[in-house]
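This report concerns only the one structure given below.
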Number of protein chains: 4
Amino acid sequence: MSWNSFGRVFRFTTWGESHGPALGVVVDGCPPGIALSEGDIQPFLDARRPGTSRFTTQRREADEVRILSGTFEGRTTGTPISLMIENTDQRSKDYSDIAKAYRPGHADYAYDAKYGLRDYRGGGRSSARETAARVAAGAVARLIVPEVTITGWVEAIGTHAIDYDRFDGSAIGDNPFFCPDPQAAREWEGVIDETRKAGSSLGATVVVEATGVPAGWGAPVYAKLDAELASAMMGINAVKGVEIGDGFDAARLSGEANADPMRPGVAGEGPDFAANHAGGIAGGISTGQPVRTRIAFKPTSSILTPVDSVTRTGEAAQVRTKGRHDPCVGIRGVPVAEAMMALVLADQKLLHRAQCGRDEA
Amino acid sequence: MSWNSFGRVFRFTTWGESHGPALGVVVDGCPPGIALSEGDIQPFLDARRPGTSRFTTQRREADEVRILSGTFEGRTTGTPISLMIENTDQRSKDYSDIAKAYRPGHADYAYDAKYGLRDYRGGGRSSARETAARVAAGAVARLIVPEVTITGWVEAIGTHAIDYDRFDGSAIGDNPFFCPDPQAAREWEGVIDETRKAGSSLGATVVVEATGVPAGWGAPVYAKLDAELASAMMGINAVKGVEIGDGFDAARLSGEANADPMRPGVAGEGPDFAANHAGGIAGGISTGQPVRTRIAFKPTSSILTPVDSVTRTGEAAQVRTKGRHDPCVGIRGVPVAEAMMALVLADQKLLHRAQCGRDEA
Amino acid sequence: MSWNSFGRVFRFTTWGESHGPALGVVVDGCPPGIALSEGDIQPFLDARRPGTSRFTTQRREADEVRILSGTFEGRTTGTPISLMIENTDQRSKDYSDIAKAYRPGHADYAYDAKYGLRDYRGGGRSSARETAARVAAGAVARLIVPEVTITGWVEAIGTHAIDYDRFDGSAIGDNPFFCPDPQAAREWEGVIDETRKAGSSLGATVVVEATGVPAGWGAPVYAKLDAELASAMMGINAVKGVEIGDGFDAARLSGEANADPMRPGVAGEGPDFAANHAGGIAGGISTGQPVRTRIAFKPTSSILTPVDSVTRTGEAAQVRTKGRHDPCVGIRGVPVAEAMMALVLADQKLLHRAQCGRDEA
Amino acid sequence: MSWNSFGRVFRFTTWGESHGPALGVVVDGCPPGIALSEGDIQPFLDARRPGTSRFTTQRREADEVRILSGTFEGRTTGTPISLMIENTDQRSKDYSDIAKAYRPGHADYAYDAKYGLRDYRGGGRSSARETAARVAAGAVARLIVPEVTITGWVEAIGTHAIDYDRFDGSAIGDNPFFCPDPQAAREWEGVIDETRKAGSSLGATVVVEATGVPAGWGAPVYAKLDAELASAMMGINAVKGVEIGDGFDAARLSGEANADPMRPGVAGEGPDFAANHAGGIAGGISTGQPVRTRIAFKPTSSILTPVDSVTRTGEAAQVRTKGRHDPCVGIRGVPVAEAMMALVLADQKLLHRAQCGRDEA
């Protein structure tokens, strides 16, 4: 089923294909009276934008966002906010081969199996280009949770991980890899250059952390904050794993080693926690600690090495993907994952307010 | 926000607390005409039931399910199926301490922060006892996807992993650990005995695999099959990580190493795949390969070792959790994770049928 | 599709058939900390209860409600509230004929056409007995909107209407017809007696009014307060028409005659309105005036006069419905319509709080 | 709460204000492989378009629709279909007065009460201009239910009703009033001319009928076909009443007079019905008879006669609405109501297919 909406009361719906005239998102449920202009959204799109360094795809898109509805005199009105980004650099010719044979690892075969036809130009709806719409929506979501600071970074590219002893949050914006370890960032330049030249690709691990989330957001069952985050993150193109807090490491621990002891905190501010194995979530509800998720991006399936495949009519074929691709999609995944964190938190904040607001007796 | 429903067209809503009179689930959207009696559900509840071996909690519950609506003369009618399980062994006295001080790692503090009050008896709604309702719903879901076979197993308890060279699917039901490696199962007896005697606990890793899923179930964005599974699995109590296919391992690979080549298959049955790094899902849609997810359970936070905590009024306290607990919640998590797999697949099957059924032109 | 849930953030799901062991409702999203016991719900069920006078069906049901979850020490916890009512007087034998031939005007044929089978005992899920579950949920909803007073009454039975010049709200509870006109109530005794003796039935018109609804509840499009009410009211068994404010009368008026002029009101309390043709709703949002809806109940289709019909196998048949039935279902529809008003308003209040709460900048 | 989506599996989300740059709709869940181009949508927009006769508003809009996503090589792909219509004739100056004083009967006051601010240009989001987006979505919906024929007409303008003895369906398109009675159409010319010259307005009654709906679409409770239609129709701007079948007339009848007898029909095609008091719906499910709804439009509140009102700051004011307005909004409501009928039926068809498709055992 096509299901292009996300969120429960703060909801957004995206549309658009890689090579259509435009893509966009309708953001519904935004509170009224919030100052909002294109200038609040554009910087986040710029961070995700392709073609800004030699380490990402060479497709060049201005990714200029236009607000088509939902604001008046520079403020949100509470009605749906329609955001549109025109596609300018589609180069459909690069993709003509895809029409015939399925690219292994891509959605080509699955789409055909489901729908019986597909827009093969650049992957159509399955292209990560759709994530630009999420980043735009995420910029709106951030304005709903001004108390929260969201920071994402690449933790590893392939087997090349950062050293947390050198972690410097302020360095993240200083390199094209969202890398908090300047030494690793320098190493990654060579790694990515080599990968790109070889027509290969690499996976990556990304961390997103949200500080300032108050205790109490989330839900006991099925809209648990961690379940919502898992859905949001796993829904990002190429993501194959999601952890909250210590994630799979916790499975190897004893209860004592995994404990997050509490101590009396400043009056009126909740307890101090001596550790955060849980990633800021207990029983599906935020604890007031930083909310932390770690996600795995697979290497992009578009590589120059021929891979066995089949044609639409079932004959054997070999597929080499030329075109313009990210050697490591995880890098540009950082602003997308940050946006999804913002979108989930904004929704949960409004849901919490609905049920537990202070206006009941 | 309280959000106790899951699913889009095949939906279920659970209710009940650990120490209330009963718990249950309303299953809505089930196709009509399916043979259904308590006997179709009870075996799955029995597999999850506490008190059946010395390796799980000693709480003894019959977990007898009753169908209260939605069937007539032994068949589903298409109307909501209400399933109820009475609680019989609550022993509220065991939990009196929890009223005063928050159990670290449990939802106690987060619930209080959110709701301002909580049912502290056995964790109330945050108790894993709620998962009995999911297992009951999952048994109904299985009847909607008879073409699918779902198998779950424990892959590791703490640092004690199975050896896949000894993998024997038929052995899973022969031991109290859902362990497919008989030698590991014997080892785990000692591991769990020791852990239980020490009043400690251990994490676990669980794998669930579904074979027989046809290509085409899922959705491009936001209701992606992998995103739905991530939400379903992360929503299980104590789960902190979810992987699809190779998961975090894929993040360390190159595109060549992660490729799933295709070759011409039997006519009319889709291609043969030479590998399944993707876990049977591409672009959010099933490929016809086995759908495979791997999940991490943290060690239960209920341990005898005192852990620093605070009281409801903010004073320092130390908490030792006596009561009756699973030394390793991951074990009884297997039937729960299987149920969630069934519930997601049933929903996706009906959604696929809605959009891509054969009755349109 | 079976779709037994209603509401967006304050949601309820009902289950149960006329002749099953029980029926019930799960209420999700209720704010925490609200005092709630069976005593808050039972009076509303008693008002709807069958068998209390000779003017309604002679089926005798205690309709005793039990709270199975969601409260602790007499207060709501924010988790789902499960309410159950056992069926005690089913008399299945009365309904054996229905198995063979479709009762005209009932859902029998439509259910069979949809599902291929049906629980024919007392209409199964299509029985108005299901509305007991809504009344129970509505009693919870009322506690969420204590600022609102909801009053429903029967305006006409068949062609026998009340005279609004004799309207006396305090008389509504003094007769078995929810009639605000004591003289009409006396007349109706004879009307209903005669109808019942003749084995006939009559339609009715019901009005429900909510005072105390503040300005601002509702939504511009698709969850408009009037659209939600229309769905809620039309979804009641036997309802065939819904009006807001002047309804169809407004279609016959000029703009001048239909105007609701405003004048300056008490400071801080919104304008005074000189009329309320709009029924308290403009643009889908409440205006602060009384919210008023008027609904039409058809005569129950169960009559003693034989009506042409067909059997399940397509042969001609004649159907006389004996059994126990309401000569005028609109009467017992009053507490149901009141409950639906409460449920819609509670949902809209929480939705309004979510989007327009005071905790944003 | 802002809630700009409608539908359960076939869903659409509209956006845009009267005087913004554009308005549009995202249609999600459309089956793949359906031939779709702008030419399938434009005729329905043309039927609703303002400025085409002297009997409707003089605002001139081309209402040219553009498909921005969701099709490939002239067919739907199963992904979201984004439709956009640019606003070209906004004339904001006409609306400057509205900024100060609330127009009685309009949503001005309610919006301000809810959101604390509003886009006052032409009513912003509350303008019936939004319905262009629904008409566009409805054109897509019609392609999903090709077996259904939907016909709407104006039954009365003010007190001037058609004579059903002169009913001629083929005449509906021959006059600017969607009037099936040529003699009434001629009379209405004078009625509307006079109303327009007097700066007054009139209400209207509209009927929409769908033939070809098979038995079995709908749901027992809460997504009843009639409840969905009631929500869809009441959500149209200026609608104050909705009837299914005989509606309020049924409330005045006895069970005998309201009966819809059935007789054996053509083999395999369901029974013949001797009457259709029920409007083609029983128990919330279609019966195979024509589905018929009747709706009441209030007179537009924009009139030249001054009406008492208040300013945003609470002072007394008098409001005369100049600008360009429909003297009778019900006329252009016909294509909107038809569109909503199509949208509800398409959704219900897909829902029915999901639950009751033939691919289960």
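The values are calculated or read from the model by the stated rules, or taken from the named source; none is laboratory data. Quantities reported herein were computed from a predicted structural model and do not represent experimental measurements. As a convention, Cβ positions derive from the backbone with ideal geometry for all residues, glycine included, and neighbour counts pool all protein chains shown. Protein only, heavy atoms only, side chains kept; ligands, DNA and RNA dropped before computing areas. Shrake-Rupley method; radii C 1.70, N 1.55, O 1.52, S 1.80 Å.
Computed values, structure above
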{"read-out": "Members of region B:73-88 that become less accessible by 50 Å² or more once partner protein chains are added (1.4 angstrom probe, chain alone as reference)", "value": "B:T77, B:T79, B:P80"}
{"read-out": "GNM top mover of C:D174, C:D272, C:D165 - chain C, alpha-carbon springs below 10 Å", "value": "C:D165"}
{"read-out": "Position C:E73, label points 7 Å along Cα→Cβ, spacing to each other copy in nm (shortest first, one decimal)", "value": "5.0, 5.3, 6.8"}
{"read-out": "Nearby lysines by direct alpha-carbon distance to D:K114 (threshold 22 angstrom, same-chain neighbours under 8 apart not counted)", "value": "A:K349, C:K224, C:K349, D:K100, D:K240"}
{"read-out": "Global size of region D:90-193 as Cα Rg and Dmax, reported in angstrom", "value": "18.9, 51"}
{"read-out": "Among A:A219, A:A257, A:A110: highest mean-square fluctuation, GNM of chain A, C-alpha pairs under 10 Å", "value": "A:A257"}
{"read-out": "Dipole moment magnitude, nearest 20 debye, region C:5-61 about Cα centre, only Lys, Arg, Asp, Glu C-beta charged", "value": "260 debye"}
{"read-out": "Where region A:33-187 is the region considered: accessible area per residue in Å², 1.4 Å probe", "value": "37 Å²"}
{"read-out": "At 7 Å out from Cα toward Cβ: D:A99 inter-copy label distances (nm, ascending)", "value": "5.4, 6.2, 7.4"}
{"read-out": "Relative contact order [Cα under 8 Å, 6+ residues apart], chain C, whole percent", "value": "22 percent"}
{"read-out": "Those aspartates and glutamates that a straight Cα-Cα span of less than 13 Å connects to A:K322, excepting residues fewer than 8 apart in one chain", "value": "A:D94, A:D97"}
{"read-out": "Surrounding net charge for D:K100, when Lys and Arg each add one and Asp and Glu each subtract one, Cβ distance under 11 Å", "value": "-1"}
{"read-out": "Compactness of chain B - radius of gyration and Dmax, Cα, Å", "value": "21.2, 70"}
{"read-out": "Value in Å of the Kirkwood radius, where region A:1-85 supplies the Cα pairs that are averaged", "value": "14.1 Å"}
{"read-out": "Axis-nearest residue of D (beta carbon) for the D-onto-B rotation, whole Å", "value": "D:A354, 2"}
{"read-out": "The protein assembly as shown - percent of accessible surface contributed by carbon and sulfur, probe 1.4 Å", "value": "48 percent"}
{"read-out": "Descending semi-axes in whole angstrom, ellipsoid equivalent of region D:228-305, from the Cα gyration tensor", "value": "32, 15, 9"}
{"read-out": "√(5λ) per eigenvalue of the Cα gyration tensor, the protein assembly as shown, largest first, Å", "value": "49, 38, 31"}
{"read-out": "Spatial separation of Cα centroids for region C:8-43 and region D:1-69, in angstrom", "value": "40 Å"}
{"read-out": "Long-range tail of P(r) for region B:42-154 (Cα pairs > 20 Å, %)", "value": "55 percent"}
{"read-out": "Shielding score for C:189-202, defined as the mean number of other chain Cβ atoms within 10 Å", "value": "2"}
{"read-out": "Cα centroid of region D:79-157 to Cα centroid of region D:171-230, whole Å", "value": "18 Å"}
{"read-out": "Only Lys, Arg (+1) and Asp, Glu (-1) charged, at Cβ; the protein assembly as shown dipole about Cα centre in debye", "value": "0 debye"}
{"read-out": "Ascending list, in nanometres, of distances separating the D:K322 label from those of the other copies (7 Å, Cα toward Cβ)", "value": "6.5, 7.6, 8.4"}
{"read-out": "Positive minus negative residues near B:V291 (Lys, Arg vs Asp, Glu; Cβ under 10 Å)", "value": "-1"}
{"read-out": "Theoretical ellipticity at 222 nm over chain A - DSSP helices of four or more residues, -39500 (n - 2.57) apiece, nearest 500", "value": "-8000 deg cm²/dmol"}
{"read-out": "Estimated D of region D:139-213 in µm² per second, where Rh is the Kirkwood radius over Cα pairs and Stokes-Einstein applies at 25 °C, 0.890 mPa s", "value": "181 µm²/s"}
{"read-out": "Equivalent ellipsoid dimensions for region A:243-361 as semi-axes, Å, which come from the Cα gyration tensor, largest first", "value": "44, 21, 13"}
{"read-out": "Interface burial for A against B (accessible surface, 1.4 Å probe, total of both chains, Å², rounded to 100)", "value": "7900 Å²"}
{"read-out": "Distance (nanometres) between label positions extended 7 Å along Cα→Cβ at B:D165 and B:S96", "value": "5.6 nm"}
{"read-out": "Environment charge of D:A133, counting only residues whose C-beta is closer than 13 Å and scoring Lys/Arg +1, Asp/Glu -1", "value": "0"}
{"read-out": "Of the DSSP H helices in chain D, those whose Cα atoms cover at least 24 Å axially and whose Kyte score averages 0.0 or more", "value": "D:329-356"}
{"read-out": "A:R142 - accessible surface, heavy atoms, 1.4 Å probe, Å² rounded to 10", "value": "50 Å²"}
